[in-house]
Every structure is written in structure tokens, then in C-alpha cells.
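As C-alpha cells, the structure follows; a few thoughts come after it.
The values are calculated or read from the model by the stated rules, or taken from the named source; none is laboratory data. Nothing here was measured: the structure is a model prediction, and the numbers come from that model. Glycine also receives a Cβ, built like all others from the backbone with ideal geometry; neighbour counts cover every protein chain displayed. To get the accessible areas, we keep the full protein, side chains included, count just its heavy atoms, and leave off ligands, DNA and RNA. Shrake-Rupley method; radii C 1.70, N 1.55, O 1.52, S 1.80 Å.
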Amino acid sequence: MRALRRTLTWRLGLVGSFALASLMAFAAVWVGLSLVVSRQVVSSGENGAQFHAEFVTDSILRYQLSPRDLAGPVRGPAYRSLNRFVRTRILQPPVVRVKIWSPDGMVLYSDEPRLVGMHFDGDPDEKAATGESVVSEISDLREPENIYERSLAPRLFATYVPLYLPGTSRSRPPDGVVELYQDYSSIQAATASLFHTRLLTLGAGLLILYIVLLPIALRTSRKVRRQNDQLEEQARRLEVLLAREQETVAELRRLNQMQSDFVAVASHELRTPLTAILGYAKTLQRPEFEEDPVARREFLSAMERQGDRLFRLVANLLTAAQVENGDSGVETRAFDFSELAEEVQEGFHHNRSRIRLAIPADLPPLHTDRDRAAEILVNLVDNALKYSPADSLVEIGAAASSDGRLRFWVADHGIGIDPADLGLIFDRFYQSDQSSTRRYGGVGLGLHLVKHLAETLGGSVEVESSPGLGSTFTVTLPLRFASPEEDAIAEPAQDGRPQAATAKPQPVPR
């Protein structure tokens, strides 16, 4: 009896020791991984802040400055203009302060006017002043140069970015240095939230793993064969999971590449018309063009074309953002489709002579969201004009069907679409190839928005195309579309028939 008690006591002690040792091992792993994750999260937050500073400098601020702005301290009307731009476009949380330095250490501009024209030893950072690299650091608010930043935030994250004006080779020293201050508390808040989430997930995972593995380990000597079978089954499951994980990683890489391509293309597409408009505007200010009405009309016409291009691109980006946020905003009313087509034709000022309307006079009124229908038609016409020769016609046609639906189409005689691309052209950000992107422009949103808006209005879109002969996009919409809001408001009348809600009309954007 005593031997049995000693055996049981020994086994219980062994189990307790094993459990305690396992728990300590898992706790040590948890602490170690927590430290690694903490460093990674902080580094990720600071890298994100540095990237934001580089983006602001290279994609926004450098195009607002001229060599005259960097020749000396910016004062007077030039300061007020630049300061208004900085405050409306750049000074958004977490950015709290902007400085532009000359390479020799003078503050040429700051949104704090008292700093303009001052010199500080050791600023800007030597590596940034020589163009060697971008430098980021947590600012020491005790330094003299930060006297006016002490009231902005308890801690500031400063990034020095070499500034190269358009046309300046990056092999030369920079024209100046942009210093961007960001509130470090926002970086800390984001990293703390991410750290806590990962920490809790890691802890819960380790705890669950410990609870699962402990009884298995205690029964190892008695269940070796069954464990071997279980391990084989786990191996098969892991192979399946690994295959799925590899597919997921491949998809994430594809999406990341598409996002990177979109950012590059969108930046180029936005910059190109802006650069052209600024160039023509500056040329018009030159004295030799003041008395040349022909040249002025030509330049103003070119500026108008670039403005129309920029407007359509921004409109597509805003619509895409609404689509991403699930904000359909459908408001229905009855309207004449032929009038809408004429308005769209007039909206393409310099190309309206290329647009031919083939719409019957007896077309019934269309009851749907007029603005969304206009966006569909504008994107299809813009796409047709872009991918067809300058001397070819683009046709807008429409017809009503007997099943209570309206079909309208846009046909061109352009380059057509390869059959291999027909299943992809409605994907977001899709471009058939890189050379097409460079030659024809665009960011790959137009046809994606057409498909989404058509489906939002209860319709569909189809395409017929032959390479080298042209394409025809056909949109089918119900003649009367009831939005979800109308369905929710509508109540049955006394005779049992539903009463439709009335939507507030909106004008078509020109």
C-alpha cells in the first residue's frame, strides 16, 4: 500500500514538474517573441512616418516651389501663397510643422514665420544636405532650433528629405532640404495598438498551444502509435494548409504589385496634366505672348483639355473611394436619356465632333440615378476616344427592349481588345500591358467603375471586340430602378399596390 502511494506521489510530482517546466518554457518564448514583435512594430511605425515625409516632398511640395523660392528667405506675397498651400495640403495630422532649409543652414520657409531667415548650427542634417540619404530622428525639443516646436507635442519625429526641384539631376547636390515634423504620439498610438493586438494574439496562441500539448505530452509513452497516426494526419493537413498559404501569399504579392503600379501610374497621371497647365500658365505670363491672341487661345485651349483630363481622373478616383467604402448613394428620378447623351457629348469639348448620337426619338424615359448613368456613359466614351484614332467616330446608341429594360452602347473603331484580356478588363487597376499604360494613360479604373455602377443600378455590361477593328460596350439597365432606400420607405397602399418613394433629383456633372 505504501509502495503504491509512493508510486502515485512520484508520478504526480513528475506531472507537476513537467507542467511547471513547460509553462516556464512557454512563458520565456512569449516574452522573447514579445520583445521581437515590439521592436518590429516600432520600426514599422517610424518607417511609415519617414515614407510619408518622402512622399510629401517628392510628390507634392517640390512641384509648388521654384528656384526663386530657394534663392533666399521666402517673404511677402510668395510666403503667404506658399504658406496657404502648406496649411491646406500638408499640415494634416500627424504633420505639425514644415521647414525648408538651404543647404548652408538657413530656414528659407516655415509655417512658423518667426523662423524664416534664421540660422542654426548643425541643421539641416549633413547627410540630407548633401543628398546622401534621408534622415529621421526623434527631435530634442531642448535644442534652439526647436524653440517654437515645444508647444506642438511632447515628442516630435523629424525627417530631413533632400529637395530636388523638377529638372534637377539627383546626381547633383540638392536644392534644399525639407524637414517634416510629425506628432510622435500618433506613431506611438498606432504601434501600441498593433503591438497589443499581436501580443494578445501571440499569448492566446501560446496558451492554447500549451493546453493542447500538455496532456498529449503526458500520454506520450502510452499513445505512441496513435500519435504517429495523428502526426501523419497532421502532416497531410499541414500540406493542404501550406498550399493554401502559398496561394494566399501569391495573391497578396499580386495585390501589392497592383497597388504599387497604381500609385506610380496615378502619380504620373495626376502630375502630367498639372505640369502641362503650370507650364502653359507660366508661358502666358511672358511679355512676348501678351499681344499674341493666337498663341494665347492655343495655350488656353490646351490648358482646358488638360483640366478636363484631370477632372475625369479625380472624379474616377473619388467614385472608386465611394465604391471601396460601400457608399452607393443612389438617388433615382425620371429623365430623358437622349438629353443625357447630348450633355455627355458637349462635355468632351474638343472631341464632341467625333461623337455621333444614334438615339431614337421615341425612347421612353429612364427612371434611375442620373448621375451614376452619366458616369457610366462618360467613362465608356472617354475609353472609346482614348483607344481609337483621332479621325475616327465614336457612336452612342440606345434602344428599349420589350422586357422593360434600356440598352445603350458606345462603339468605336479603335485598336480593339485581345480575347485573352476580355475577362480581365473590368478588374480594378487592370491594364493590358505596361506599354499601353505609357501610350494611352489612365489608371485602370474606368471600366471597373462602369461594371460596378451598372450592377448597382440593377443592370449589366457586355463587350464585343475584334483586335484592330474596334470595340462595342453595351450597358443594360431597367427602365425603372428602385433603390434600397425607396424599397425601405415604400409602403403598401389601401388597394394593395406599393407606393414608390420620390428621390431628390441631382444634376449631371459637366
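Within region 82-89, can one find any residue that is assigned to a loop (DSSP other than H, G, I, E, B) and open to solvent by 40 Å² or more (accessible area, probe 1.4 Å)?
no
Could you list, ordered by first residue, the pairs with Cβ atoms under 7 Å in which the first is in region 360-373 and among the hydroxyl-bearing types (Ser, Thr, Tyr) and the second is in a strand (DSSP E or B) and modelled with pLDDT of 90 or more, at least 6 apart or interchain?
Thr368/Leu477
Output the residue which, of all residues in region 367-403 that are β-branched (Val, Ile, Thr) and open to solvent by less than 20 Å² (accessible area, probe 1.4 Å), is farthest from Pro478 (Cα to Cα).
Per the criteria, the residue is Val394.
Would you confirm, using the coordinates I've provided, whether Arg370 is at pLDDT 90 or above and in contact with a Pro (Cβ under 6 Å, 6 or more places away or on another chain)?
no
Any idea which residue in region 96-110 is farthest from Ala128 (Cα to Cα), counting only those that are within 28 Å of the chain's Cα centre (by Cα) and either open to solvent by less than 10 Å² (accessible area, probe 1.4 Å) or free of Cβ contacts under 8 Å to residues at least 60 places away in the same chain (or both)?
Out of the qualifying residues, it is Val98.
Just to verify a result, which residue in region 32-71, among those that are open to solvent by 40 Å² or more (accessible area, probe 1.4 Å) and basic (Lys, Arg), is farthest from Glu137 (Cα to Cα)?
If we take residues in region 32-71 being open to solvent by 40 Å² or more (accessible area, probe 1.4 Å) and basic (Lys, Arg), then Arg68 is farthest from Glu137 (Cα to Cα).
Quick one: would you say Gln188 is under 30 Å from Ser34 (Cβ atoms), open to solvent by less than 40 Å² (accessible area, probe 1.4 Å) and within 30 Å of the chain's Cα centre (by Cα)?
no
Considering Leu242, Leu255, Leu270, which residue is under 19 Å from the mean Cα position of the chain (by Cα), farther than 30 Å from Met303 by Cα and either modelled with pLDDT of 90 or more or not β-branched (Val, Ile, Thr) (or both)?
Going through Leu242, Leu255, Leu270 in turn, the sole match is Leu255.
With respect to Asp418, determine if the residue is within 30 Å of Gln257 (Cβ to Cβ) and modelled with pLDDT under 90.
Judged against the criteria, Asp418 is a match.
Exactly one of these conditions fails for Leu406: (1) surrounded by fewer than 17 Cβ atoms within 10 Å (Cβ to Cβ); (2) closer than 21 Å to Leu449 by Cα; (3) modelled with pLDDT of 90 or more. Give me its number.
Failing condition for Leu406: (1).
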